[in-house]
1. I need the peptides 53-63, 159-169 ranked by packing, meaning the mean over residues of other C-beta atoms within 10 angstrom, with the highest value on top.
2. Report the net charge of residues surrounding Gln68, where surrounding means a beta-carbon distance below 12 angstrom and charges are Lys +1, Arg +1, Asp -1, Glu -1.
3. Highest first, please rank the peptides 100-111, 137-148 by the mean number of other Cβ atoms sitting within 10 Å of their residues.
4. When you count, for each residue, the other Cβ atoms within 10 Å and take the mean per peptide, how do 79-85, 210-216 rank with the highest first?
Amino acid sequence: MKHATPRPQRQRTRTGTGLKGAGLLGMATVMAGMAAGCGTQPAWAQDAPSVHPPLTPTRDVQVDYNVQPDGVDTPKTVRTWFAYNGGLMRIDSPQGMGETILNRMSRQVTIIINPQKVYSQLDARYGIRNPFLLDLSMTFVRKGTSTVAGIACTQWDVTTDQGNATACVTDDGVVLQEIGVDGDGLKGRLEATKVVYAPIPDSMFQPPEGYRKIDPPPPPGTPAAKAPKGG
């Protein structure tokens, strides 16, 4: 299908690493994590090292991941959707409690909470941290090839300021597996269990019809607003 707007040619927004997906296990953590991530600085394409894997999916794709932070016995299933060369991404939380939509073109994060049928939107003017994409600030070393979820991928050693990880990335930019420490120092693993390449309608990246918009929660550490004086 053809999307309503052109696909971005340059990636200007810095993203986090895959294991940050551990923060998706609770909606409150998602809200706080995405809001806090808006303060990161953008990474420009010309700063890329000479050798690195594709940093975003080049085709519309749906990926189901098992996400398992270190010390957690059972992995959680998280479904993700990518469109516009990674410019749009949707993350469905376990058990259908809600969704997080990241629009890297408008630099906006939408948090949807299904039980209350509400959503809020955050202005991520300084960048968006993305839990399932790689980052230009990382250092990559190609190691070999593998197969995950029945799809071929290239293994990379990934080094950040916080530690090391290995990632298996397809030639069209889908992270199929990541094990180790991410850019925030979180340790764990994620692994794709299902990958579906197909056009994704723009409606998948919008709040459901009939949901009520609410103010986003304040960033972590922000003093609570004073209650209005009574009449």
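1. Working: 53-63: 20.1, 159-169: 18.3.
Top of the packing list down: 53-63, 159-169.
2. Details: positive: Lys76, Lys187, Arg189; negative: Asp70, Asp73, Glu178, Glu191.
Overall, the nearby charge balance is -1.
3. Ranked from most to least packed, the peptides come out as 100-111, 137-148.
4. 79-85, 210-216
FYI, it's all coordinate maths here, none of it is from the lab. Just so you know, these numbers come straight off a predicted model, no measurement behind them. A quick note on method: Cβ atoms are made from the backbone with ideal geometry, for glycine too, and the neighbour counts reach across all protein chains shown.
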